[in-house]
Amino acid sequence: MKTYRVAVIPGDGIGTEVTPAAIRVLEAAGARFDLRFEWESFPWGSAHYFEHGRMMPVDALDRLRGFDAIFFGAVGDPRLQDNVTLNGLLLPIRRGFDQYACVRPAVLYPGVRGPLADRKPGEIDFVVVRENTEGEYAQIGGALHTGGSHEVAVQSAVFTRHGTERVIRFAFELARRRGGKRLLTSVTKSNAQGFSMGFWDRVFADLAREYPDIRTESLLVDAACMDLVRRPQDFDVIVASNLFGDILTDLSAAITGSLGLAPSANLNPAKTFPSMFEPVHGSAPDIAGRGIANPMAAMFAGAMMLDFLGEPAAANLTDRAVRRVLADQIDLTPDLGGRGTTESATLRVLEVLGL
Ligand code: NAD
Ligand code: IPM
Ligand code: MN
């Protein structure tokens, strides 16, 4: 029997609702393959901040370092500034553990009605690879004369050759591994931001020569938004900077039916530190505490975790169980037009898994 040690950070809002639901499903799927999990839960987040003045302890990364993976819920509380909560918990983990490739699949599943007319299930199936450690999220900047009439704010974006090259290379390799359309789309804004994005375009063009079997295209981010709505079926793998990848993946979640279905894997491909798996969505204060959050994004993220841990069969089983419940269209949560709850949707998935 194989055992995986997983650090769990449910966080805030619906993070605390969808995480336990996904863990039940992972337990059930794992049991079918003789896998065991040792889940260790860390009560970090906004409640921790109100009690201790910090989102997580000073030695948090040291405590997480030895785990096989991190399973994350969501963070964010309307009573606190988002840059305090996010820069106090989620972003330092992504950066500190060098989880440079953020992988976010977007699939229109059978049983799900997307908002785009004429797009049938199966037609939308692409992955966004988002740079996850630098770019526009590099914490470099400062403020002067705060609150005064001459107030100044500077926030710098940082693009290194090391950081840009490795994430684009990861995306090329993924396009090859997927063996689908074998198309990699790079999204930038080099018409306005010539230094950073022009640099990115150059690195992309250089690397493209090493992957003659992968077709490439470069889009400006505004045009990419339009094309994701107009012709989402054409995409295969998309690679983008930290901020653009963030924005594009809320859009890709929306065109595939719900943010409640979109998973995210923050990967350290070299495995020098644990990788982290989470839903794309946030703490959803508007529905938190009502038991109606869709747990499926967290479940799909769990499947990605199993895959990365080297358990593709268990990953596949989890993935297929959730897809099956979507296709059956019974007990789905309100974001998918259903009348179900987090609990009823979870019970359906467990039932498919034979529990
Ligand atoms: P959000 O993703 O929390 O919610 C956006 C909308 O989608 C809301 O209407 C919400 O009800 C709905 N939604 C999201 N997940 C859902 C699910 N699983 N089931 C059903 N409906 C779902 O984004 P927001 O409202 O912009 O942000 C809320 C807070 O979360 C903010 O503090 C923000 O900074 C934070 N946030 C955190 C993360 C994260 O932890 N990774 C991601 C995004 C936002
Ligand atoms: C996400 C989130 C975070 C991000 C926020 C909450 C900092 O939106 O994971 O998509 O922008 O990375
Ligand atoms: Mn986001």
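The values are calculated or read from the model by the stated rules, or taken from the named source; none is laboratory data. For clarity, every value in this text was computed on a predicted model and none was experimentally measured. Counting neighbours? That spans all protein chains shown, and the Cβs are built from the backbone with ideal geometry, glycine included. The accessibility values were calculated without ligands, DNA or RNA, using every heavy atom of the protein model including side chains. Shrake-Rupley method; radii C 1.70, N 1.55, O 1.52, S 1.80 Å.
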Worksheet item: Among the residues of the range 128-140, how many are open to solvent by less than 60 Å² (accessible area, probe 1.4 Å), out of contact with any Asp or Glu (no Cβ under 7 Å at 6 or more places or on another chain) and either acidic (Asp, Glu) or not in a loop (DSSP other than H, G, I, E, B) (or both)?
Response: 8
Item to complete: Please state which one of Val203, Val129 is within 15 Å of Ser241 (Cα to Cα) and either aromatic (Phe, Trp, Tyr) or touching a residue at least 60 places away in the same chain (Cβ under 8 Å) (or both).
Response: Val129
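Here is a yes/no grid of residues against (1) under 27 Å from Leu184 (Cβ atoms); (2) in contact with a helix residue (DSSP H, G or I) (Cβ under 6 Å, 6 or more places away or on another chain); (3) in contact (Cβ under 8 Å) with a residue 12 or more places away in the chain; (4) near ligand 1 (Cβ under 8 Å from one of its atoms):
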{"residue": "Asp68", "(1), (2), (3), (4)": "no, no, yes, no"}
{"residue": "Phe71", "(1), (2), (3), (4)": "no, no, yes, no"}
{"residue": "Val75", "(1), (2), (3), (4)": "no, yes, yes, yes"}
{"residue": "Pro78", "(1), (2), (3), (4)": "no, no, yes, yes"}
{"residue": "Asp82", "(1), (2), (3), (4)": "no, no, no, yes"}
{"residue": "Asn87", "(1), (2), (3), (4)": "no, no, yes, no"}
{"residue": "Pro92", "(1), (2), (3), (4)": "no, no, yes, no"}
{"residue": "Arg95", "(1), (2), (3), (4)": "yes, no, yes, no"}
{"residue": "Val103", "(1), (2), (3), (4)": "yes, no, yes, no"}
Worksheet, complete the sentence: Checked pairs for the range 29-42, first farther than 18 Å from Val349 by Cβ, second part of a strand (DSSP E or B) and open to solvent by 80 Å² or more (accessible area, probe 1.4 Å), C-beta under 8 Å and 6 or more apart or across chains, list as Asp34/Lys2; Arg36/Lys2; Glu38/Arg5; Glu40/Arg5
Discussion item. So the check is Cβ under 6 Å with 6+ separation or different chains; which pairs have a first residue in the range 286-315 that's farther than 17 Å from Ala28 by Cβ and of a type in the set (S, T, N, Q) and a second one that's in a helix (DSSP H, G or I) and open to solvent by 30 Å² or more (accessible area, probe 1.4 Å)?
Written reply: Asn294/Asp335
Fill in: Matching residues in the range 338-351 - criterion: being assigned to a helix (DSSP H, G or I) and either modelled with pLDDT under 95 or open to solvent by less than 60 Å² (accessible area, probe 1.4 Å) (or both)
Thr342, Ser344, Ala345, Thr346, Val349, Leu350
Item to complete: Search the range 174-190 for residues that are of a type in the set (Ser, Thr, Tyr) and pair each with any residue that is open to solvent by less than 50 Å² (accessible area, probe 1.4 Å) and part of a loop (DSSP other than H, G, I, E, B) when their beta-carbon atoms are under 8 Å apart and the residues are at least 6 apart or on different chains.
Response: Thr185/Phe235; Thr185/Asp236; Thr188/Ser241
Discussion item. Looking at (1) away from ligand 3 (no atom under 16 Å from the Cβ); (2) surrounded by fewer than 24 Cβ atoms within 10 Å (Cβ to Cβ), which one does Ala303 not meet, given that it meets all the others?
Written reply: (2)
Worksheet entry | Which numbered condition Ala313 misses (of (1) of a type in the set (A, V, I, L, M, F, W, C); (2) under 21 Å from Arg113 (Cα atoms); (3) modelled with pLDDT of 95 or more; (4) surrounded by fewer than 16 Cβ atoms within 10 Å (Cβ to Cβ)) | (2)
Fill in: Residue in the range 85-105 that is farthest from Ile168 (Cα to Cα), counting only those that are assigned to a strand (DSSP E or B) and away from ligand 2 (no atom under 13 Å from the Cβ)
Pro105
Worksheet item: Since Asp335 meets every condition but one in (1) open to solvent by 30 Å² or more (accessible area, probe 1.4 Å); (2) out of contact with any Ser or Thr (no Cβ under 7 Å at 6 or more places or on another chain); (3) within 18 Å of Gly15 (Cα to Cα), which condition does it not meet?
Response: (2)
Worksheet entry | Residue ID - nearest to ligand 1 (Cβ to nearest atom), chosen from residues in the range 267-299 that are open to solvent by 20 Å² or more (accessible area, probe 1.4 Å) and under 10 Å from Val18 (Cα atoms) | Ile292
Worksheet item: From the set of residues in the range 112-127 that are crowded, with 17+ Cβ neighbours inside 10 Å and of a type outside the set (Lys, Arg), which is nearest to Asp328 (Cα to Cα)?
Response: Val112
Worksheet item: Are there any pairs with C-beta distances below 8 angstrom linking a residue in the range 209-238 that is under 16 Å from Thr249 (Cα atoms) to a residue that is open to solvent by 60 Å² or more (accessible area, probe 1.4 Å) and of a type in the set (A, V, I, L, M), with the two at least 6 apart or on different chains, and if so which?
Response: Val221/Ile247; Cys225/Ile247
Worksheet entry | Conditions (1) in contact (Cβ under 8 Å) with a residue 40 or more places away in the chain; (2) at negative phi; (3) in contact with a helix residue (DSSP H, G or I) (Cβ under 9 Å, 6 or more places away or on another chain); number of the one not met by Arg166 | (3)
